[in-house]
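Step one of this worksheet: look at the structure below.
Nothing in this text is a laboratory measurement; each read-out follows from the coordinates by a stated rule. All values reported here derive from a predicted model rather than from experimental measurement. Neighbour counts are summed over all protein chains in view; Cβ atoms, including those assigned to glycine, are modelled from backbone coordinates with ideal geometry.
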Amino acid sequence: MTQDQTERHVMVASLMLLVLFIGLSFFVVSIAQASPAPDRAADSATFRTKCATCHGPDGSGSEVGKSMHVPDLRSPDVQKVPDAQLAQIISDGKGGMPPFKSSLGENQIHSLVSYIRSLRGKK
Ligand code: HEC
C-alpha cells in the first residue's frame, strides 16, 4: 500500500464514522422527542403539587379532601364528564374547590384533564 492509499482509507473511514455518529444523534433525538414520559411526569408533578392536597396522589381523595366530599376522580361519575367541562371546573373551581385559572395556564389545565383520564380504571 502506498502512502496515498493509506491516507484515502483513513479519510473514508473517518467519514463513515462521522456519518454513523450523525445518524446516531438523530436517532437519539427522535427517541427523546417521541417519548411522552417527560410530559407525563410533569403532569403528575403538577397534580401532586396543586391537586393532591385534596384529591390524593391517585385521585381517590386525601383525608382533607374526603372531609370536603371530593369525588373520586377515577370514578365513572367523574370520567363521564366531558373534557371541556373538566377543564372549566379546574379553571373556575366548583363548590369547595378553588379556581386555578390564575395559577395554571390553559395547556397545563388541558394536561391535567388528560392526567385525570389516565387515572381511569386504576381503582
Ligand atoms: C382545596 C381542595 C381542592 C383542591 C386543591 C383541588 N380540588 Fe378538585 N375538588 C375539590 C372539591 C371539594 C370538589 C367537589 C366539588 C363539588 O362537586 O362541589 C372537587 C371536584 C373536582 C373535580 C370533579 C368535578 C365534577 O363535578 O365532576 C375535578 C375533575 C377536580 N376537582 C379536579 C381538580 C384538579 C385537576 C385540581 C388541581 C389543579 C384540583 N381539583 C384541586 C377540592 C379541591
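At a glance:
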| item | result |
| --- | --- |
| Summed side-chain charge close to residue 88 - residues other than residue 88 whose Cβ falls under 12 Å, Lys, Arg +1, Asp, Glu -1 | -1 |
| For the chain, calculated [θ]222 nm from helices alone, where every DSSP H run of n ≥ 4 adds -39500 (n - 2.57) | -19500 deg cm²/dmol |
| Contact order normalised by residue count of segment 1-110, Cα under 8 Å, 6+ apart, percent | 11 percent |
| Inverse of mean 1/r across different Cα pairs in the chain, Kirkwood, Å | 17.7 Å |
| Helix axis angle, 3-34 relative to the chain longest principal axis, alpha carbon, degrees | 10 degrees |
